[in-house]
Amino acid sequence: MTTTIPVEEDLLPSEADVRSYEERGWYLSKKLFTDSEVDALVEASEAFYAGARSRRLGRRPSTLAYWEPSHGAVQRHNDYIHYESDEIAAILRKPVVGAVAARLARADEIRVFQSTLIYKPPRPDEPSNLVPWHFDRHYWQTCTSDRMLTAFIPFHDCGEEMGTITMVDGSNRWREIGGGDSTTRHFAHRDPAELDELVRENARHNGTEMRAVPMVIPKGHMSFHHCRTYHGSGANRSGQPRRAISLHLQDGDNRYRRHELSDGTPVTYNHDHFVRATAQGAPDYSDPEFCPVLWKSHG
């Protein structure tokens, strides 16, 4: 395969790694960012929290996650960080990140779908630090692709004490039950106990037990997970903030599709407020301003 921008082959997942990703729903990368690149992410994120913006979103949909200082010492989520911070975007768009995603998804093109800057304060008893089980595909019902994936990028060594991202092993291959209208609502607006029971019910339905695998991620490395892999995270007991970016990625074939709830109400993703329209008037999930190409191959 000839690529538009060469990357070191030894940084990419092997065929055995790809098969493991397809079987288990997650992959731990090699060191894709240098220490200086990761340190630059920390510096840029602190500037962002202090008010620095390369540009601003034109509106604030009700479902947008957007921490501001007035919200206090809760877990911070700021969507569209790749749009509002050029400094952060320049590092996230490093070609090897897209090349790894392309190999895992067996895709010829990888575009950004969304990105969220995350800061989990070192407050073990803070309720917002607990992220219940969920999978991303539930929120992406307006997408045609089932190959979408997410890179979780910590800004430091990240293990269980920090409340690292944790995968439900093999859940990407489950046949789902209980996936009604409520699954399109973000986990922040649902009962964690209900979500916990949902994942356990699905495990039983698939004749297996739920097996949680915490991702222990060294600085400069990242985890990738399939869009149907259940994941969550626990308390930060480390005494230091857990800083990270969740970088959602789409393959080049992904397009908008209309999706309705059972009562006929159309589902709207935040992109539908921001991206340009296609010639047919639908949201364009290939809009280069919000969904830039990270990696493209030909051959």
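The values are calculated or read from the model by the stated rules, or taken from the named source; none is laboratory data. What you are looking at is a predicted structure, and each value in this text was computed from that prediction instead of being measured. All Cβ positions, even for glycine, are placed from backbone atoms using ideal geometry, and neighbour counts span all protein chains on display.
List of remarks:
- Meets criteria (out of contact with any Phe, Trp or Tyr (no Cβ under 7 Å at 6 or more places or on another chain) and surrounded by 22 or more Cβ atoms within 10 Å (Cβ to Cβ)) for residue 107: yes
- Long-range neighbours under 6 Å by Cβ, at least six apart or interchain, first residue part of a loop (DSSP other than H, G, I, E, B) within segment 97-114, second surrounded by fewer than 24 Cβ atoms within 10 Å (Cβ to Cβ) and among the polar types (S, T, N, Q): 108/297
Yes/no matrix, rows are residues, columns are (1) of a type in the set (Asp, Glu); (2) at pLDDT below 95; (3) outside any loop (DSSP other than H, G, I, E, B):
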site: 138; (1), (2), (3): no, yes, yes
site: 196; (1), (2), (3): yes, yes, yes
site: 204; (1), (2), (3): no, yes, yes
site: 240; (1), (2), (3): no, no, no
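- Residue 88 meets each of the listed conditions (1) in a loop (DSSP other than H, G, I, E, B); (2) within 17 Å of the chain's Cα centre (by Cα) apart from (1).
- Residue match in segment 48-66 (condition: part of a helix (DSSP H, G or I) and in contact (Cβ under 8 Å) with a residue 60 or more places away in the chain): yes
- In this structure, residue 19 does not satisfy being over 19 Å from the mean Cα position of the chain (by Cα) and part of a loop (DSSP other than H, G, I, E, B).
- Verdict on residue 14 being more than 18 Å from the chain's Cα centre (by Cα) and over 25 Å from residue 139 (Cα atoms): yes
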